[in-house]
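S.K.: Have a look at the structure that comes next, please.
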2 protein chains.
Amino acid sequence: MTVELISVGTELLLGNIVNTNAAFLSEKCAQLGLSLYYQTVVGDNPERLEETLRTALGRSDVVILGGGLGPTQDDLTKETAAKVLGKELVEDPHTRERIQEFFDVRSIGEIPDNNWKQALVPKGAIVVDNDNGTAPGIIIEENGKIVILLPGPPGEMIPMFHKDIFPYLNQKQPEIIVSEMVKICGIGESKAETMIADLIQSQSNPTIATYAKVGEVHLRLTAKAQDEAAARKLMKPVIRELKVRFGGHIYTTDEQTTLEEAVVQLLKEQQISLTTVESCTGGLFTGRLVNVQGASEVLKQGFITYSNKAKRKLIGVKKLTLKEFGAVSEKTAKEMAKGAILTTGSDAAVAITGIAGPDGGTKEKPVGLVYIAVSVKGNLRVEEYRFTGNRAKIRESAVVAALTLLRTGILETIKF
Amino acid sequence: MTVELISVGTELLLGNIVNTNAAFLSEKCAQLGLSLYYQTVVGDNPERLEETLRTALGRSDVVILGGGLGPTQDDLTKETAAKVLGKELVEDPHTRERIQEFFDVRSIGEIPDNNWKQALVPKGAIVVDNDNGTAPGIIIEENGKIVILLPGPPGEMIPMFHKDIFPYLNQKQPEIIVSEMVKICGIGESKAETMIADLIQSQSNPTIATYAKVGEVHLRLTAKAQDEAAARKLMKPVIRELKVRFGGHIYTTDEQTTLEEAVVQLLKEQQISLTTVESCTGGLFTGRLVNVQGASEVLKQGFITYSNKAKRKLIGVKKLTLKEFGAVSEKTAKEMAKGAILTTGSDAAVAITGIAGPDGGTKEKPVGLVYIAVSVKGNLRVEEYRFTGNRAKIRESAVVAALTLLRTGILETIKF
C-alpha cells in the first residue's frame with residue numbers, strides 16, 4: 001500500500017513550528033511497511049487543500065491529513081475532506097458526549113458554541129476517540145481509498161496514532177507487521193553494522209534497520225506474519241542472536257525506555273546512591289538523569305566544578321595534580337570521582353572533565369578531549385574520549401558516554 | 001512573489017530526520033515578505049521529483065529545492081532541475097578549484113572521482129559558494145521563474161542562505177525588506193500583545209509580529225523601503241517606543257543573542273562571579289549557562305542539592321527550616337542562595353527549588369510550584385512561581401524564570 005501525508009497549518013508555512021508530526025508519522029508508516037513517497041504542507045486554505053487532497057488521492061492508497069480540526073472558522077480540513085469525498089457532515093452523539101465530559105472533568109466552564117462543530121463527522125466515517133483533546137480522529141473508506149484525519153497537536157495525535165490508527169492500518173494489510181527495538185550503547189554505528197552485516201544481509205523477515213543516535217545505536221526488527229504471535233516467533237531467534245553478539249551493550253529491548261531511564265532503574269535496583277561532578281558538561285549530565293521521574297531516590301547531589309578552585313575546595317582535587325597534569329587529565333578525573341565519594345559518602349560517583357571548545361584546545365589537549373571517571377562501590381575506572389563536532393555536540397557526546405560508563409560500572413559490580 | 005519549498009531526501013520520508021530546514025526557510029521567506037503556500041517532501045527519485053518540480057513551477061514564482069546535491073549516484077536534484085528547465089550541465093572551473101581547495105585544507109587525501117560531479121552546473125546558472133561543504137548553491141532564472149538549489153545539511157545551507165540567498169531574493173523584490181528583533185523576558189505573550197495592541201493595529205510598515213517562546217516573547221519588526229537605510233529609519237521610532245513600553249524587559253535587540261548569552265554577558269561586564277544551587281532543575285540551569293562559550297569566566301561552581309541532606313550538608317540550609325517550611329519553600333530557597341555565597345564567596349547565587357512532578361504534589365504545594373532565590377552583591381530576593389505542563393516543561397520554565405530573575409538582580413545592582 002502507498003500512503004502520503006498532508007499537514008495543514010499556516011504556522012508550518014510561516015516557519016513558526018517544526019513539522020515533527022511528519023517525522024513521527026513517516027517513521028510509523030515505514031514500520032508498517034507502507035510506501036510513503038510524498039509529504040505536503042498546505043495552509044488553512046480550502047482551495048489549496050482541496051487541490052492537494054485530490055492530487056494525493058489520485059496517486060496514493062492512503063492519505064493521512066494532520067491539523068485543521070480545531071473549533072475555529074479557520075479549521076477546514078474536515079469540511080474539505082467531506083467535500084472531496086462527497087460526504088455529508090452529521091453530528092456524532094458519542095463525540096458530543098465526549099466533548100461535554102472533557103469540559104466537565106476539567107471544570108473549564110461553559111462550552112463555546114463553536115466547539116460543537118468538532119462533533120460533526122462525515123457520514124459513515126469511523127470515529128476515533130481523542131483522549132487528550134476535543135477533536136476526534138476520523139477514518140473514511142471510499143472507493144478503495146482511505147483518508148485519515150488526525151488532530152494537529154502532537155500530544156493528541158501521537159497517543160491516538162499508537163492506540164487506534166496503527167492497529168487499524170496494520171489490519172488493512174495482507175500480513176500483520178510487528179516490530180521490536182533493541183537499543184545499544186557503547187558501540188559506534190559502523191562497528192555495530194559490521195558486527196551484524198551477515199544478519200542484515202540474510203534476514204528478510206524480520207528485517208533489521210539501524211538508527212544512529214548520539215552515542216547509541218537503535219536496531220529495529222520488523223516481522224510480517226499472519227498474526228502477532230507468529231511475527232514474534234519469527235523475531236525471537238534473531239533477538240537471541242543479537243543478545244549473543246552485543247551482550248551487555250544492549251541496555252533495553254523496550255521501545256520507550258531511554259538510556260538515562262535504564263541507568264536510573266539499575267541504580268534503584270542495586271540501591272546505589274550517586275554523586276555527580278561535572279566540569280565541561282556543567283550540569284547537563286545530572287540534568288538528564290533528573291529527567292527521569294523518581295531519580296531523587298538515588299541521586300542525592302551533584303557538584304559543578306567549573307573552575308580549578310572549585311575542584312580543589314568542593315571535592316578535594318589536589319593542587320599538585322591540577323598543576324602537573326592539568327584540569328583535563330585522567331588523574332584529575334579520578335580525583336574528582338574519589339573526592340565526591342569521600343565528601344558525600346555516596347556509593348557511586350561520575351566525574352566529567354574535558355574541553356568543549358571552541359576555545360581552550362592545544363596540540364596535546366585538543367577540543368573534544370574528555371576524561372570520564374566512574375567509581376561504583378570502590379571500583380574506580382577512567383576513560384579518555386576524543387569527541388568531534390561543535391561545543392553542544394561534544395557536551396552531548398560526553399553525557400551519553402558518561403551514562404554508558406556508569407552503566408558498565410554498575411553491571412560489573414553485580415557480576416562480581 | 002510566491003515561493004514554494006521542495007525538500008529532497010528519502011531519510012525525510014522514512015522519518016529518520018525532522019525537516020528543520022523547511023521551518024528555517026519558511027521563516028526566512030515570511031521575513032522577506034514572500035508568500036509561501038506549499039512545502040513538499042519527495043525522495044531521491046527522478047520521476048517523482050520531476051513531477052513535483054513541474055507542478056511547483058506551474059503555480060509559484062520561486063521554487064527552492066533542498067538536498068540531493070551530494071556526490072553519490074542517488075543525488076539527482078541538479079540533474080532533474082536541469083532537465084525540467086532544459087539546461088545543459090557544464091563544469092564550473094571556479095567550483096572545481098574550490099572543491100580541490102576544500103579537500104586540500106582538510107588534508108582528506110585524494111578526491112573521489114564522483115566528487116567532481118559537484119562542479120557541474122546548469123549552463124547560465126548563478127553559482128553560490130558553499131563555505132562549509134563541497135556542493136555549491138545554484139540559482140537558475142528562466143522565463144520569469146527562479147529555481148534555487150541548496151545543499152541539504154543545515155550546517156551548509158543556513159550560512160549560505162544568510163550570506164547569499166537572502167540578499168539575492170531581497171533585491172528581486174520591488175521594495176527591500178529589512179527586519180529587526182526585540183527579545184523580551186519576564187512578560188507573558190498575551191500581556192505583551194495587550195501592551196502593544198495599538199502599535200500592532202496601527203503599524204503597517206514596519207509590521208510587528210509576536211512569537212511566544214518558553215518564558216520569552218520575541219517581536220519581529222519588518223519594514224519595506226527603497227533601501228536598507230530607509231527601512232531602518234522607518235523602524236527606529238517604533239523600536240524607541242517598544243523600549244519605552246517594555247523597558248528593562250528587553251534583553252536584546254540582536255537576532256542571534258539568547259537569554260543565557262545576555263545574562264553571561266552582563267555577569268562578565270559587571271565582573272560578578274556566580275554560584276548555582278539547583279534542586280528540581282537538577283543541573284539544567286547551569287547546563288544552559290555553560291552552553292555559552294566563555295561562561296567559565298564568571299561561573300565558578302554549582303551545587304545540585306536534590307536531597308534534604310545535600311541542602312544541609314553542602315550549603316548549610318537549616319534542619320529546622322526544612323522541617324518547618326519544607327524543601328519547597330521561600331525560606332529554603334533563600335537559605336540555599338545565602339548558603340551558596342557563604343560556602344564559596346562568590347558575588348551572586350541562584351537557587352531553585354520546586355516540584356517538577358508528576359508525583360510529589362499536594363494540595364498546598366501542587367506540582368509546578370517553584371521558588372527561585374537570587375542574591376546579587378548582598379541583595380537577596382525570592383519569587384514564587386506556579387508553572388503548568390509536564391515535568392520537562394515545568395523544569396524548562398523554571399530555568400528561564402531563573403535566568404530572568406538573575407538578570408533583574410544584576411540590573412538593579414547597576415542602578416543603585
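S.K.: How many of the residues making up the stretch A:1-19 are polar (S, T, N, Q), in contact with a Gly (Cβ under 7 Å, 6 or more places away or on another chain) and at pLDDT 95 or above?
M.R.: Of the residues in that region, 1 qualify.
S.K.: Hey, could you check the stretch B:320-335 for residues that are in a loop (DSSP other than H, G, I, E, B) and not aliphatic (A, V, I, L, M) and say which is nearest to B:SER307 (Cα to Cα)?
M.R.: Restricting attention to the stretch B:320-335, the residues satisfying the condition of being in a loop (DSSP other than H, G, I, E, B) are B:326-329.
Restricting the remaining residues to those that are not aliphatic (A, V, I, L, M) gives B:326, B:329.
Details: B:GLY326: 12, B:SER329: 14 Å.
Here the answer is B:GLY326.
S.K.: Let me ask something else. Name the residue, out of B:GLU189, B:GLU193, B:GLU180, that is closer than 24 Å to B:GLU27 by Cβ, open to solvent by 30 Å² or more (accessible area, probe 1.4 Å) and within 14 Å of another protein chain (Cβ to nearest Cβ).
M.R.: Only one candidate qualifies: B:GLU189.
S.K.: In the stretch B:3-10, is there at least one residue being under 18 Å from A:THR52 (Cβ atoms), facing chain A (nearest Cβ under 7 Å), open to solvent by less than 40 Å² (accessible area, probe 1.4 Å) and not in a loop (DSSP other than H, G, I, E, B)?
M.R.: Within the stretch B:3-10, not a single residue is under 18 Å from A:THR52 (Cβ atoms), facing chain A (nearest Cβ under 7 Å), open to solvent by less than 40 Å² (accessible area, probe 1.4 Å) and not in a loop (DSSP other than H, G, I, E, B).
S.K.: Next question, about the same structure. Which one is farthest from A:VAL264 (Cα to Cα), of the residues in the stretch A:353-371 that are of a type in the set (Val, Ile, Thr) and touching a Lys or Arg at 6+ places or on another chain (Cβ under 9 Å)?
M.R.: Here the answer is A:VAL367.
S.K.: Considering every residue within the stretch B:145-158, establish whether at least one is surrounded by fewer than 17 Cβ atoms within 10 Å (Cβ to Cβ) and assigned to a helix (DSSP H, G or I).
M.R.: yes
S.K.: Of the numbered conditions (1) buried (at least 17 other Cβ atoms within 10 Å of the Cβ); (2) over 21 Å from A:VAL370 (Cβ atoms); (3) more than 25 Å from the chain's Cα centre (by Cα), A:ALA310 fails exactly one; give the number of that condition.
M.R.: Among (1) buried (at least 17 other Cβ atoms within 10 Å of the Cβ); (2) over 21 Å from A:VAL370 (Cβ atoms); (3) more than 25 Å from the chain's Cα centre (by Cα), A:ALA310 violates only (2).
Each row is one residue, and each column tells you yes or no for (1) open to solvent by 30 Å² or more (accessible area, probe 1.4 Å); (2) within 13 Å of another protein chain (Cβ to nearest Cβ); (3) not in a loop (DSSP other than H, G, I, E, B).
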site: B:ALA230; (1), (2), (3): yes, no, yes
site: B:LEU234; (1), (2), (3): yes, no, yes
site: B:ARG245; (1), (2), (3): yes, no, yes
site: B:GLU255; (1), (2), (3): yes, no, no
site: B:LEU266; (1), (2), (3): no, no, yes
site: B:THR275; (1), (2), (3): no, yes, yes
site: B:THR281; (1), (2), (3): no, yes, no
site: B:LEU314; (1), (2), (3): no, yes, yes
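Table: residues versus (1) modelled with pLDDT of 95 or more; (2) part of a loop (DSSP other than H, G, I, E, B); (3) closer than 17 Å to B:LEU149 by Cα; (4) basic (Lys, Arg).
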| residue | (1), (2), (3), (4) |
| --- | --- |
| B:ASN21 | yes, no, yes, no |
| B:ASP44 | no, yes, yes, no |
| B:LEU53 | yes, no, yes, no |
| B:ASP74 | no, yes, yes, no |
| B:GLU79 | yes, no, yes, no |
| B:PHE102 | no, no, no, no |
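S.K.: For the stretch A:111-125, which residues satisfy the criterion of being modelled with pLDDT of 95 or more, out of contact with any helix residue (DSSP H, G or I) (no Cβ under 8 Å at 6 or more places or on another chain) and either acidic (Asp, Glu) or open to solvent by 50 Å² or more (accessible area, probe 1.4 Å) (or both)?
M.R.: Passing the criteria: A:LYS123, A:GLY124.
S.K.: Considering only residues that are within 17 Å of B:ALA56 (Cα to Cα) and out of contact with any strand residue (DSSP E or B) (no Cβ under 7 Å at 6 or more places or on another chain), look in the stretch B:80-95 and name the one that is most open to solvent (accessible area, probe 1.4 Å).
M.R.: B:LYS83
S.K.: Also, I was wondering about something else. Among the numbered criteria (1) under 29 Å from the mean Cα position of the chain (by Cα); (2) modelled with pLDDT of 95 or more; (3) closer than 20 Å to B:GLN118 by Cβ, which single criterion is violated by B:SER26?
M.R.: For B:SER26, the exception is condition (3).
S.K.: If you don't mind, there's one more thing I want to ask. Which members of the stretch B:359-377 meet the condition of being farther than 19 Å from B:TYR306 by Cα and either open to solvent by 70 Å² or more (accessible area, probe 1.4 Å) or modelled with pLDDT under 95 (or both)?
M.R.: Result: B:LYS363, B:GLU364, B:LYS377.
Here's the yes/no breakdown for (1) part of a helix (DSSP H, G or I); (2) within 14 Å of chain A (Cβ to nearest Cβ); (3) at pLDDT below 95; (4) under 20 Å from B:ILE410 (Cα atoms):
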| position | (1), (2), (3), (4) |
| --- | --- |
| B:ARG220 | no, yes, yes, no |
| B:TYR251 | no, no, no, yes |
| B:PHE285 | yes, yes, no, yes |
| B:SER296 | yes, yes, yes, yes |
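S.K.: Which residues, counting only those in the stretch B:31-48, are under 22 Å from B:MET160 (Cβ atoms), touching an Asp or Glu at 6+ places or on another chain (Cβ under 9 Å) and at the interface with chain A (Cβ under 9 Å from one of its Cβ atoms)?
M.R.: B:LEU36, B:GLN39, B:THR40, B:VAL42 - these are the residues of the stretch B:31-48 that are under 22 Å from B:MET160 (Cβ atoms), touching an Asp or Glu at 6+ places or on another chain (Cβ under 9 Å) and at the interface with chain A (Cβ under 9 Å from one of its Cβ atoms).
S.K.: In addition: If we only count strands (runs of 3 or more DSSP E) wholly inside the stretch B:336-416, which ones have 3 or more residues that are within 14 Å of B:THR275 (Cα to Cα)?
M.R.: B:348-354, B:369-376
S.K.: Here's a check for you: in the stretch A:55-67, which residue that is more than 21 Å from A:LEU12 (Cα to Cα) and in a helix (DSSP H, G or I) is least open to solvent (accessible area, probe 1.4 Å)?
M.R.: Step one: filter the stretch A:55-67 for residues more than 21 Å from A:LEU12 (Cα to Cα), giving A:57-62.
From the residues that got through so far, the ones that are in a helix (DSSP H, G or I) too are A:57-59.
Values: A:LEU57: 28, A:GLY58: 67, A:ARG59: 77 Å².
Per the criteria, the residue is A:LEU57.
A quick yes/no check of all residues on (1) more than 34 Å from the chain's Cα centre (by Cα); (2) among the β-branched types (Val, Ile, Thr):
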position	(1), (2)
B:LEU322	yes, no
B:GLU330	no, no
B:GLY339	yes, no
B:ILE352	no, yes
B:PRO366	no, no
B:TYR385	no, no
B:ILE394	no, yes
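S.K.: Scan B:ALA356, B:ALA348 and give me the residue that is more than 11 Å from every other protein chain (Cβ to nearest Cβ), closer than 24 Å to B:VAL290 by Cβ, touching a residue at least 24 places away in the same chain (Cβ under 8 Å) and buried (at least 22 other Cβ atoms within 10 Å of the Cβ). It would help to see each step written out before you state the result.
M.R.: Working: B:ALA356 fails: more than 11 Å from every other protein chain (Cβ to nearest Cβ).
None of the others qualify; the one that does is B:ALA348.
S.K.: Six or more apart or on different chains, Cβ under 6 Å: which pairs go from a residue in the stretch A:168-188 that's at positive phi to one that's open to solvent by 10 Å² or more (accessible area, probe 1.4 Å)? Could you list them?
M.R.: Cβ pairs passing all conditions: A:GLY186/A:HIS249; A:GLY186/A:THR404.
S.K.: May I pose another question? Would you say A:ARG391 is of a type in the set (D, E, K, R) and within 14 Å of another protein chain (Cβ to nearest Cβ)? Quick ask: steps written out before the conclusion?
M.R.: Details: of a type in the set (D, E, K, R): yes; within 14 Å of another protein chain (Cβ to nearest Cβ): yes.
In short, yes.
S.K.: List the number of the failed condition for A:GLU51; all other conditions in (1) without any contact (Cβ under 8 Å) to a residue 40 or more places away in the chain; (2) over 28 Å from A:ARG220 (Cα atoms); (3) touching an Asp or Glu at 6+ places or on another chain (Cβ under 9 Å); (4) surrounded by fewer than 23 Cβ atoms within 10 Å (Cβ to Cβ) hold.
M.R.: (3)
S.K.: What is the residue count in the stretch A:336-345 for residues that are more than 12 Å from chain B (Cβ to nearest Cβ) and open to solvent by 20 Å² or more (accessible area, probe 1.4 Å)?
M.R.: 3
S.K.: Is it the case, given these coordinates, that A:LYS28 is within 16 Å of A:GLY137 (Cβ to Cβ), surrounded by fewer than 22 Cβ atoms within 10 Å (Cβ to Cβ) and either within 14 Å of chain B (Cβ to nearest Cβ) or among the basic types (Lys, Arg) (or both)?
M.R.: Taking the combined requirement at face value, the residue satisfies it.
S.K.: Right, next: Is it the case, given these coordinates, that A:TYR211 is under 24 Å from A:ALA22 (Cβ atoms) and touching a His at 6+ places or on another chain (Cβ under 7 Å)?
M.R.: Values: under 24 Å from A:ALA22 (Cβ atoms): yes; touching a His at 6+ places or on another chain (Cβ under 7 Å): yes.
Criteria met by A:TYR211.
The values are calculated or read from the model by the stated rules, or taken from the named source; none is laboratory data. Computed from a prediction, not measured in an experiment: that's the story for all the values here. Please note: Cβ atoms are built from the backbone with ideal geometry, for glycine as well, and neighbour counts cover all protein chains shown. Calculation scope for accessible area: heavy atoms of the full protein, side chains included, ligands and nucleic acids excluded. Shrake-Rupley method; radii C 1.70, N 1.55, O 1.52, S 1.80 Å.
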